[in-house]
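The values are calculated or read from the model by the stated rules, or taken from the named source; none is laboratory data. Keep in mind that what you see is a predicted model, and the values were worked out from it rather than measured. Please note: Cβ atoms are built from the backbone with ideal geometry, for glycine as well, and neighbour counts cover all protein chains shown. Accessible surface is based on the protein model in full, side chains and every heavy atom, while ligands, DNA and RNA are left aside. Shrake-Rupley method; radii C 1.70, N 1.55, O 1.52, S 1.80 Å.
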Amino acid sequence: MWRKSGARAVLLGVGILLAGIMWLRPWSEVQSGAVMNESVIPTEQGQAAPKDAATYTADMQIDPKAHRVTGTLTVRFVPKDDHVYFHLYPNTFQKAADLSTDSWERVLGKQREPGGIQITSVRVNGEDVPVRYQGPTQTLLHVPIASSGMGTAAHSEIEMRFQLQVPYNKGRLSYNDNAMWLGNWLPILAVKESGGWRLDPYSAIGDPFYSETANYHLRVQLADEYQLATSGVESVAVVTQTRPQRQTLYEIDALNVRDLAMVVMDDTYQKVTAAVEDTVVHIWSQEGDDPRIVSRLHEAAEGALRYFSEQFGPYPYKEYDVVKTGGFFGGMEYPGIVFIQEEFFERADPIGDAVIAHETAHQWFYGLLGNDEVREAWLDESLSDYATLAYLTDVSRNSANLYIKMRQAQSREAEAYAAKGLAVWQSVEQFPDWDSYVRLVYARGGAMLWHLSQEWGQERVHRILRQFVSQHQYGQAKGQQLVELLSKEAGADATPFIDYWLHLKLDQQEHAKAWVEQGKHE
């Protein structure tokens, strides 16, 4: 994600001087009626997930005027226990929730309206079971599996009816007069690890999400004056329009993705389309937006997708949507789609290019190369920030130099957090505020890789990252696995290097330098 705070970003020439970024991911069923039009085209986004991957089938009706989504979600999966949990992230924003801290205010803004998701019924393998919420604001759904009489080695199927009332705020799940953006909105299976269930709450700082790849099939009923962009492939969706109801039914697939996001837009939105190899790239803007800015942002999306495909491995999905939304998050990544704050469609300076590049880098680092964003947030954010530096250097040395200097300065400033017991490699709940999170997770981690690329050469570092992506694509990577790759490449244990940069053990600086030097000769 891309977020900012502090002083307003200032531009020098065509370069970017971000005087105070907060987070650089901050950078800081059809109704009855005659069918009028129907097209049926095979749909595919990505490659098929593993046999044991979950399949989510959602059949829903969206009412953008009421900011409401109603439907049925069916999840077919192989249980790892006699029960499962679903994250109900929207319930974080219920009226009863206490979101009064400064960090929440940075995420959500001051003007807010509550929302949440209600589960009205649950069936397991055809049998009704009670709706059991957990958590102070019902952000978890507990579903027993053993009562169905099926063993845990077989597939199980859970069906639930839901109603989502979209909250109003400046975050990932909200709306304005022309669009409704749905991020982290659909009930999603919690991850079961050897140590137990991962039931991490939706925290104010970072991206507190951890999920496995799955296949999604959507049936979305929507009034025909609205348009849809999702993590799937709308350009080859099955589309059915009905009269006189004036409804459109979309059937969309998103295969092998670790989350499903969408944006519902009114007819003020329009898209510009181009192709990068086998991927269609759309940028969604609005009537009245400066076409020169839109064109530049589209070029950034195309350029970044092409560059990262060349450097870190081919992008496997067939569509990539870059969508203008409201909000105060700068940019927010999801598989196959990113939300970009409306401000960047209004600014003539190239800061929006960097935001789009960062979110596009997340298609690899988080999307293809999954990771635990709660306990190892640095892994996707540091790699994405480094990738942004590399891309900017490739397309504009002036812009890149300014950004590099900013990140290097923030990295040095981050060393002061060592006295407070903070580090880059720690869980999101350990960060006291967004400023420390940005300087450590984005700047310090990104600067570490930038430093290594300057010492070892960019191609060598990118070869390591390509290998990292290839080895763990569609799975979950761990930070220690990257450390092992670095150690193998250098012919020496990379622990001193990691200790200095990511654990803020500043007394290891000379040992870190020695490790880098030894690695030059391998």
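Across segment 270-328, the qualifying residues are those that are polar (S, T, N, Q) and in contact with a His (Cβ under 6 Å, 6 or more places away or on another chain), and the one among them that is least open to solvent (accessible area, probe 1.4 Å) is Gln311. Only one of the listed residues (Leu465, Leu486, Leu452) is within 24 Å of Thr393 (Cα to Cα), under 22 Å from the mean Cα position of the chain (by Cα) and open to solvent by less than 20 Å² (accessible area, probe 1.4 Å). That residue is Leu465. So which residues in segment 352-367 are in contact with a Ser or Thr (Cβ under 9 Å, 6 or more places away or on another chain) and either part of a strand (DSSP E or B) or over 14 Å from Met1 (Cβ atoms) (or both), if there are any at all? Correct list: Asp353, Trp364, Phe365.
So, Leu186, is that one open to solvent by less than 20 Å² (accessible area, probe 1.4 Å), of a type in the set (A, V, I, L, M, F, W, C), assigned to a loop (DSSP other than H, G, I, E, B) and within 25 Å of Asp266 (Cβ to Cβ) or not? Taking the combined requirement at face value, the residue satisfies it. Glu225 meets the conditions (1) in contact with a Pro (Cβ under 8 Å, 6 or more places away or on another chain); (2) among the acidic types (Asp, Glu); (3) surrounded by fewer than 19 Cβ atoms within 10 Å (Cβ to Cβ) in every case but one. The failed one is (1).
Going by the structure shown, is Ser174 assigned to a strand (DSSP E or B), in contact with a helix residue (DSSP H, G or I) (Cβ under 9 Å, 6 or more places away or on another chain) and of a type outside the set (D, E, K, R)? Taking the combined requirement at face value, the residue satisfies it. Return the residue satisfying two criteria in turn: it lies in segment 79-116 and is touching a strand residue (DSSP E or B) at 6+ places or on another chain (Cβ under 7 Å) and of a type in the set (Lys, Arg), and of such residues it is least open to solvent (accessible area, probe 1.4 Å). In this case the residue turns out to be Arg112. Within the bounds of segment 173-182, is there any residue that is more than 26 Å from Glu319 (Cβ to Cβ), within 22 Å of the chain's Cα centre (by Cα), among the acidic types (Asp, Glu) and surrounded by fewer than 23 Cβ atoms within 10 Å (Cβ to Cβ)? No.
Whenever a residue of segment 336-359 is at positive phi, its partners that are in a strand (DSSP E or B), lying with C-beta atoms within less than 7 angstrom and at least six residues away or across chains, give the pairs Gly336/Ala254; Gly336/Val257; Gly336/Glu319; Gly336/Tyr320; Gly336/Asp321. Comparison of Ala387, Ala416 shows that the only residue that is more than 22 Å from Thr360 (Cα to Cα) and among the aliphatic types (A, V, I, L, M) is Ala416. Of Glu212, Glu251, all but one fail to be over 18 Å from the mean Cα position of the chain (by Cα), open to solvent by 30 Å² or more (accessible area, probe 1.4 Å) and at pLDDT 95 or above; the exception is Glu251. Summed over segment 117-135, residues that are surrounded by 14 or more Cβ atoms within 10 Å (Cβ to Cβ) and at positive phi total 2. Considered as a group, the residues in segment 68-94 that are among the basic types (Lys, Arg) and within 24 Å of the chain's Cα centre (by Cα) include one that is farthest from Val107 (Cα to Cα), and that residue is Arg76. Annotation: Arg375 fulfils all but one of (1) surrounded by fewer than 24 Cβ atoms within 10 Å (Cβ to Cβ); (2) within 20 Å of Phe329 (Cα to Cα); (3) touching a Ser or Thr at 6+ places or on another chain (Cβ under 9 Å); (4) of a type outside the set (Gly, Ala, Ser); the unmet one is (2). In this structure, does Thr74 turn out to be in contact with a strand residue (DSSP E or B) (Cβ under 9 Å, 6 or more places away or on another chain), open to solvent by 20 Å² or more (accessible area, probe 1.4 Å) and not aliphatic (A, V, I, L, M)? Against the criterion (in contact with a strand residue (DSSP E or B) (Cβ under 9 Å, 6 or more places away or on another chain), open to solvent by 20 Å² or more (accessible area, probe 1.4 Å) and not aliphatic (A, V, I, L, M)), Thr74 qualifies.
Entry remark, segment 177-198: residues being out of contact with any helix residue (DSSP H, G or I) (no Cβ under 9 Å at 6 or more places or on another chain), modelled with pLDDT of 95 or more and among the polar types (S, T, N, Q) number 1 in total. When we screen Val483, Val424, Val516 for residues that are of a type in the set (A, V, I, L, M, F, W, C) and under 23 Å from Pro208 (Cβ atoms), the only hit is Val424.
Has segment 212-227 got at least one residue that is in contact with a helix residue (DSSP H, G or I) (Cβ under 9 Å, 6 or more places away or on another chain) and more than 25 Å from Asp372 (Cα to Cα)? Within segment 212-227 (the criterion being in contact with a helix residue (DSSP H, G or I) (Cβ under 9 Å, 6 or more places away or on another chain) and more than 25 Å from Asp372 (Cα to Cα)), the answer is yes, since at least one residue qualifies.
The residues in segment 411-426 that are part of a helix (DSSP H, G or I) and open to solvent by 10 Å² or more (accessible area, probe 1.4 Å) can be counted, and the count is 8.
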